[in-house]
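The values are calculated or read from the model by the stated rules, or taken from the named source; none is laboratory data. Keep in mind that what you see is a predicted model, and the values were worked out from it rather than measured. Here the Cβ positions follow ideal geometry from the backbone for every residue, glycine too, while neighbour counts run over all protein chains shown.
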Amino acid sequence: MNKKFLTLSATAIAAAIALAGCGTGTGSSGTSTSGTNHSSTGAPSSSAPAAAADHNAADTTFAQSMIPHHAQAVEMSDMMLAKQDIPAAVTALATKIKAAQGPEIETMTGWLKSWNESATKHAGHGMAGMMGDEDMKKLDAAQGTEAARLFLTQMIAHHEGAVMMAKTENTDGKDADAVSLSKAIVTAQEAEIQEMRDLLATL
């Protein structure tokens with residue numbers, strides 16, 4: 001009797017471990033900005049269903065809006081990096097913006113996938129700080145110091161819009177990772193806004 005009971009228990013435990021392994025693999029993006037298992041709230045046995053439940057509409061809106069917002073910042077940075085005769089400090093800033101925001105796009109896309117939310121819902125909507133088509137054409141056509149000034153002016157407005165969205169997420173969001181990223185965006189982009197204002201004063 002004891003042997004049979006032990007065998008059944010071992011089988012049940014193995015099955016539970018296998019199920020848990022499957023569940024945690026889909027709960028979060030592999031590109032989380034802040035380490036492991038942030039969405040876990042001390043109840044690992046329910047981590048799989050919690051992945052979809054532990055976010056709210058503010059988290060979804062934040063990710064859906066910030067993805068195209070970040071994508072435009074990366075596009076603007078790419079434009080600068082393709083130009084000649086741009087001040088080194090401005091090129092370095094464009095490189096830094098691209099390096100930070102590219103991976104954040106991947107992280108937020110992963111969250112939306114794990115939440116079963118569309119990653120493109122807000123792609124066509126105007127968000128705070130977004131450049132219009134004419135703005136992007138002007139930046140693309142500009143050269144040298146003129147391009148550097150235009151990039152800095154546009155990116156300050158762009159960052160200010162992102163900070164506004166991130167502060168809304170900080171106040172209204174529920175998902176721990178999303179709120180953590182929103183705080184990181186506020187800190188990084190407010191510092192970059194000041195850096196860009198200082199650079200503008202030298203051009």
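A quick yes/no check of all residues on (1) over 13 Å from GLU104 (Cα atoms); (2) in contact with a Phe, Trp or Tyr (Cβ under 9 Å, 6 or more places away or on another chain); (3) β-branched (Val, Ile, Thr); (4) in contact (Cβ under 8 Å) with a residue 24 or more places away in the chain:
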| position | (1), (2), (3), (4) |
| --- | --- |
| GLY161 | yes, no, no, yes |
| MET164 | yes, no, no, yes |
| ALA178 | no, yes, no, yes |
| THR187 | yes, no, yes, no |
| GLN194 | yes, no, no, no |
| LEU200 | yes, no, no, yes |
Self-check item: Filter pass, ALA176 being out of contact with any His (no Cβ under 6 Å at 6 or more places or on another chain) and of a type in the set (A, V, I, L, M)
Solution: no
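Table: residues versus (1) closer than 16 Å to HIS158 by Cβ; (2) within 20 Å of the chain's Cα centre (by Cα); (3) of a type in the set (A, V, I, L, M); (4) in a helix (DSSP H, G or I).
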position	(1), (2), (3), (4)
ALA58	no, yes, yes, yes
PHE62	no, yes, no, yes
GLN72	yes, yes, no, yes
MET76	yes, yes, yes, yes
GLN84	no, no, no, no
ALA89	no, no, yes, yes
ALA94	yes, yes, yes, yes
GLN101	yes, yes, no, yes
Exercise. Would you check if LEU150 is modelled with pLDDT of 95 or more, within 21 Å of ALA82 (Cβ to Cβ) and either of a type in the set (Asp, Glu) or in contact with a Lys or Arg (Cβ under 8 Å, 6 or more places away or on another chain) (or both)?
Key: yes
Quiz item: Of all residues in the stretch 141-191 being of a type in the set (Asp, Glu) and surrounded by fewer than 19 Cβ atoms within 10 Å (Cβ to Cβ), which is farthest from LYS96 (Cα to Cα)?
Solution: ASP172
Quiz item: Is it the case that some residue within the stretch 119-128 is in contact with a Pro (Cβ under 6 Å, 6 or more places away or on another chain) and over 23 Å from LEU203 (Cα atoms)?
Solution: yes
